[in-house]
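Structure record follows, encoded as C-alpha cells.
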Amino acid sequence: MAQGGRDGFTSTFGALLATLGSAVGLGNIWKFPSLTGSNGGAGFLAVYLAATILVGLPVMIAETMLGRAARADAVTSFDRLAPKGQWWWKGIGWMGFAAALLIMAFYSEVAGWVYAYIFKSVTGEISTVDPKVAAVVFGKLVADPTSSLIWQWVVLGVTGVIIAFGVSKGIEAVARRLMPLLFVLLLVLCVRSLSLSGAWQGLAFLFNPDFAKITPAVVLTALGLAFFKLSLGMGTMLTYGSYFRDDQNIPATAARVMLADLSVSLLAGIAIFPAVFAFGFEPAAGPSLVFMTIPAVFTSMPGGVVFMTVFFVLTAIASVGAILSLLEVPVAILSQRYRMNRKLAALTTIAIIAVMGCPAALSQGAMANVKLFGFNPFDLFDFLSSNVLLPLGGILICLFVGWVVGLAGPERRLSVDGSLANRVTIRTVFFLIRYVAPVAIAIVLLNGLKLF
Ligand code: PHE
C-alpha cells in the first residue's frame, strides 16, 4: 500500500476513480453550463474542447508525473526535483495553496445552494417552469445572509466530519457506486429536455458556433474552465500523482478522466439548453442558470419531485470528491511538509475557508455592492483562481517539466521503465508541453487580461 513509505492509492483502478472524483463535480453540472450560456454557446464550447485536449490533457499528464516522481506535497515536490539553488520553483506549490483556498471559498457556497435545493425540492418550492418564479426562489436564497452563510457552513461542517472521522474512503466508495445513477439521471433529463417543443434552438445554441462571439476574454474563460474542470495548475493532480503506484499508466488514466469528464459536462449541457429555450429562461443568467432550469425540466415530467430530489442529493455527493481533492493540496503541505497532525491540518484549512467564504457567501446579498476591479467577492475569487492562478500555474508546470526536468526522466516514468509501448504518445505530449501549451496559455492569458 505504501509508496516509498507514504500512504497511497492501493490499486491503479482506485487511483483512476479518485482522479475522476476530483475532476467531476459542480464544475460539470454548474460551472460548465453557466459559462457556456453566458459566453455565447457553441463557439465557447469549441474553444473549451480545444483547450481541454491540446492544453488540459498534456498538463494533466505532466502534473501527475511530477507528483509521482517526487512523492511529496505540492511545495516539497519542487524542492526535490528542481536543480540545486533554484528555490523559486516551489512558488508554484504556494500558488496552488492559495488557489485551493480561493476556489473552496466559492465552491463551498455553490455546494451549499445544492444542499438547500435538496430541501426545496422536497417541499415543492422549486417545482416551477416559470422563469420569474424560479428566479425569485433562487434570488431569495442567495440574497439572505443567514441562509447563504448557514448552508456554506453546513457544507464545511460535513466536510470537516468526513475528514475528522477519517471516513473519506467510505464516502468515496459510496460516491463511486452512486455516480452511475447520476449519469442515468442526466440521461433522463436529456431525453425530457430534447422532447420539449423548441428543443432544437437549445441544440443549435450548444452546437452551432457563432465565432463572432469569441473575444479574448471568452477564450481565457474557456481555458480557465479547462483547468478548473480537470483540477489542474494548482497541485491537486500533483498531490494525487504522489499517491499513484509506480506502475500506473499515467497517460491512459489522464485520457480516460478527460473523456469521462467531458461526457458528463456535455450531458449537462444537453439537459439544460433545450429547456432554457423551451421555457424562456435566459441562457446568460450566469451562476443561477442551472438552479432554475434543472428544476423546470424535472417539474415538467411525471414523478419529477422524486427524480429532482435524488438529482440534487447525487450532485451534493459528487461535489465531495472534488472538495476533498481541493483540501488535499493545503492539507498535504501542512501535514507532510510541516508535520502538522493531519486532522488538525484539515480543520485549520476548513476554518480559514470559513472565514474567506463569508464575503463569497454574502456576494449576492449583504455585500452585493462591495466591488473590487468590478467584481463582487464571489466572482473575484472565481476569476482570480480559474482565469489567473490556474493558467499561470499551468505555464510554470509546463516550463518546469519541459525545460528543467527534461525528456529522459519523464519518458522513463511515463512508460513505466519502457514496459508500456507509448513512446509516440509521450513525444507528442512532450512537444505540447514544451512548445504549444506554454505559448498558447501565455498568449491567451495576456490577451484575456488585456495586458497585450
Ligand atoms: N474539477 C472540480 C469540478 O469541476 C473542481 C476542482 C478544481 C477540484 C480544482 C480540484 C481542483 O468540480
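The values are calculated or read from the model by the stated rules, or taken from the named source; none is laboratory data. Being a predicted model, the structure only gives us computed values, none of them experimental. Cβ placement follows ideal geometry from the backbone for every residue including glycine, while neighbour counts extend to all protein chains displayed.
Restricting to helices (runs of 4 or more DSSP H) lying wholly in the stretch 312-418: which have 1 or more residues that are within 16 Å of the ligand (Cβ to nearest atom) and either within 23 Å of TRP87 (Cα to Cα) or basic (Lys, Arg) (or both)? Break it down stepwise before answering.
Values: elements: 342-361, 377-382, 390-399, 408-414.
Qualifying helices (runs of 4 or more DSSP H): 390-399.
Kindly indicate whether TYR338 is surrounded by fewer than 19 Cβ atoms within 10 Å (Cβ to Cβ), among the aromatic types (Phe, Trp, Tyr) and over 21 Å from SER242 (Cβ atoms). Outline the logic, then answer.
Working: surrounded by fewer than 19 Cβ atoms within 10 Å (Cβ to Cβ): yes; among the aromatic types (Phe, Trp, Tyr): yes; over 21 Å from SER242 (Cβ atoms): no.
No, not satisfied.
Kindly check whether there is at least one residue in the stretch 214-225 that is modelled with pLDDT of 95 or more, in contact with a Gly (Cβ under 9 Å, 6 or more places away or on another chain) and within 11 Å of the ligand (Cβ to nearest atom).
yes
Are there any pairs with C-beta distances below 8 angstrom linking a residue in the stretch 304-326 that is closer than 16 Å to GLU125 by Cα to a residue that is away from the ligand (no atom under 14 Å from the Cβ) and not in a helix (DSSP H, G or I), with the two at least 6 apart or on different chains, and if so which?
Listed by first residue and then by second, the contacts come to GLY304/SER127; VAL305/GLY124; VAL305/SER127; PHE307/MET301; MET308/ILE126; MET308/SER127.
Regarding the stretch 90-104, can at least one residue be identified that is part of a helix (DSSP H, G or I) and touching a Lys or Arg at 6+ places or on another chain (Cβ under 7 Å)? Can you show your working first?
Of the stretch 90-104, the ones part of a helix (DSSP H, G or I) are 90-104.
This time we only want the ones that are touching a Lys or Arg at 6+ places or on another chain (Cβ under 7 Å), so: none.
The answer is no, given that none of the residues of the stretch 90-104 is part of a helix (DSSP H, G or I) and touching a Lys or Arg at 6+ places or on another chain (Cβ under 7 Å).
Please specify each residue of the stretch 287-301 satisfying the condition of being of a type outside the set (Phe, Trp, Tyr) and either part of a helix (DSSP H, G or I) or touching a Pro at 6+ places or on another chain (Cβ under 8 Å) (or both). Walk me through how you get there before you give the answer.
Of all residues in the stretch 287-301, those of a type outside the set (Phe, Trp, Tyr) come to 287-290, 292-297, 299-301.
Across the stretch 287-301, the qualifying residues are PRO287, SER288, LEU289, VAL290, MET292, THR293, ILE294, PRO295, ALA296, VAL297, THR299.
Inspect all residues belonging to the stretch 75-89 and state whether any of them is of a type in the set (Asp, Glu), buried (at least 24 other Cβ atoms within 10 Å of the Cβ) and within 30 Å of LEU334 (Cβ to Cβ). So that I can check it myself, show each step before the final result.
To start, the set of residues in the stretch 75-89 that are of a type in the set (Asp, Glu) comprises 79.
Cutting the leftovers down to buried (at least 24 other Cβ atoms within 10 Å of the Cβ) gives us none.
Within the stretch 75-89 (the criterion being of a type in the set (Asp, Glu), buried (at least 24 other Cβ atoms within 10 Å of the Cβ) and within 30 Å of LEU334 (Cβ to Cβ)), the answer is no, since none of the residues qualifies.
Condition first: in a helix (DSSP H, G or I), in contact with a Phe, Trp or Tyr (Cβ under 6 Å, 6 or more places away or on another chain) and away from the ligand (no atom under 13 Å from the Cβ). Can you find one or more residues in the stretch 44-67 that meet it?
Pass one, the stretch 44-67, residues in a helix (DSSP H, G or I): 44-67.
Now narrow it down to the ones that are in contact with a Phe, Trp or Tyr (Cβ under 6 Å, 6 or more places away or on another chain): none.
Looking through the stretch 44-67, none of the residues is in a helix (DSSP H, G or I), in contact with a Phe, Trp or Tyr (Cβ under 6 Å, 6 or more places away or on another chain) and away from the ligand (no atom under 13 Å from the Cβ).
Taking GLU282 and the conditions (1) in a helix (DSSP H, G or I); (2) away from the ligand (no atom under 15 Å from the Cβ); (3) within 21 Å of LEU35 (Cβ to Cβ), which numbered condition does it fall short on, given that it satisfies the others?
GLU282 satisfies every listed condition except (1).
For the stretch 226-241, what are the residues that are of a type in the set (A, V, I, L, M, F, W, C) and closer than 13 Å to MET95 by Cβ? Please lay out each step first, then the result.
Step one: list which residues in the stretch 226-241 are of a type in the set (A, V, I, L, M, F, W, C), which gives 226-228, 230, 232, 234, 237-238.
Result: PHE227, LEU232, MET234, LEU238.
What tally of residues in the stretch 19-41 results from selecting those that are more than 8 Å from the ligand (Cβ to nearest atom), in contact with an Asp or Glu (Cβ under 7 Å, 6 or more places away or on another chain) and of a type in the set (A, V, I, L, M)?
Total satisfying the criteria: 0.
Condition check ((1) assigned to a helix (DSSP H, G or I); (2) away from the ligand (no atom under 16 Å from the Cβ)) across all residues:
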{"residue": "PHE78", "(1), (2)": "yes, yes"}
{"residue": "PRO83", "(1), (2)": "no, yes"}
{"residue": "TRP88", "(1), (2)": "yes, yes"}
{"residue": "GLY112", "(1), (2)": "yes, no"}
{"residue": "VAL133", "(1), (2)": "yes, yes"}
{"residue": "PHE138", "(1), (2)": "yes, yes"}
{"residue": "LEU141", "(1), (2)": "yes, yes"}
{"residue": "THR146", "(1), (2)": "yes, yes"}
